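Below is one structure, written out as structure tokens; comments come after it.
Please treat every number below as a calculation from the coordinates, not as lab data. Computed from a prediction, not measured in an experiment: that's the story for all the values here. Please note: Cβ atoms are built from the backbone with ideal geometry, for glycine as well, and neighbour counts cover all protein chains shown.
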Amino acid sequence: MDVTTERVMTAIRGVTDPELGISVVDLGLIYDVRCGDRRIDVDMTLTSPGCPMGRLIASDVEEAIRQALPGVDVSVHVVWDPPWTADRLSADARRHLGYDG
């Protein structure tokens, strides 16, 4: 099985923030994906350190990767540097949240 960043991002794109209903990818929460031989490390953030859904979202990201790429070792790291800002939103997320127009 070919473990690539693109395959990981495709899997993660299906994970939505339960409060906003928007993909964590479109929210700009995924900072880095590192793929090695049967190992994937993901650095992600949340919109705020006090996010009550943080554990659930990180767990959902991990599970989505495990389902898409069975047998890989997955570690999801929640990081706070750099802090998340709305500048990280995709165009679709910006429209959905009313940032454009």
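Distances between placed amide hydrogens fall under 5 Å for Tyr31 paired with Asp43, Met44, Thr45, all partners being 5 or more residues away or on another chain.
Applied to the stretch 45-53, the Karplus parametrisation 6.51 cos²θ - 1.76 cosθ + 1.60 on θ = phi - 60° returns per-residue 3J(HN,Hα) values of 10, 10, 5, 7, x, x, 4, x, 9 Hz, with x for Gly and Pro.
Estimated at 0.36 nm per residue, the fully extended path between Arg13 and Asp92 surpasses their Cα-Cα distance by 27.1 nm. Rounded to the nearest 0.05, the FRET efficiency derived from the C-beta distance between Leu20 and Ala68 at R0 = 25 Å is 0.65.
Which loop chymotrypsin sites (Phe, Trp or Tyr not before Pro) in the chain, with loop taken from DSSP, have no more than 10 other Cβ atoms within 10 angstrom of their Cβ? List each step's numbers first, then the result.
Working: sites: Tyr31, Trp80, Trp84, Tyr99; in loops: Trp80, Trp84, Tyr99.
Qualifying residues, ordered by number: Trp80.
Working from Cα pairs under 8 Å separated by at least six residues, relative contact order for the stretch 5-89 is 33 percent.
Taking the C-alpha atoms only, the angle from helix 54-68 to the longest principal axis of the chain is near 40 degrees. In order along the stretch 6-13, phi translates into HN-Hα couplings of 4, 5, 5, 5, 4, 5, 5, 4 Hz, rounded to whole numbers, per the Karplus curve 6.51 cos²θ - 1.76 cosθ + 1.60 with θ = phi - 60° and x for Gly and Pro. Each Lys and Arg adds +1 at its Cβ and each Asp and Glu adds -1 at its Cβ; summed about the Cα centre, the chain shows a dipole of about 100 debye.
In this simple spin-label model, placing a label point 7 Å from the Cα along the Cα-to-Cβ direction at both Asp2 and Leu56 gives a separation of 3.6 nm. Size estimate for the chain follows the Kirkwood approach: the inverse of mean 1/r over distinct Cα pairs works out to 13.8 Å.
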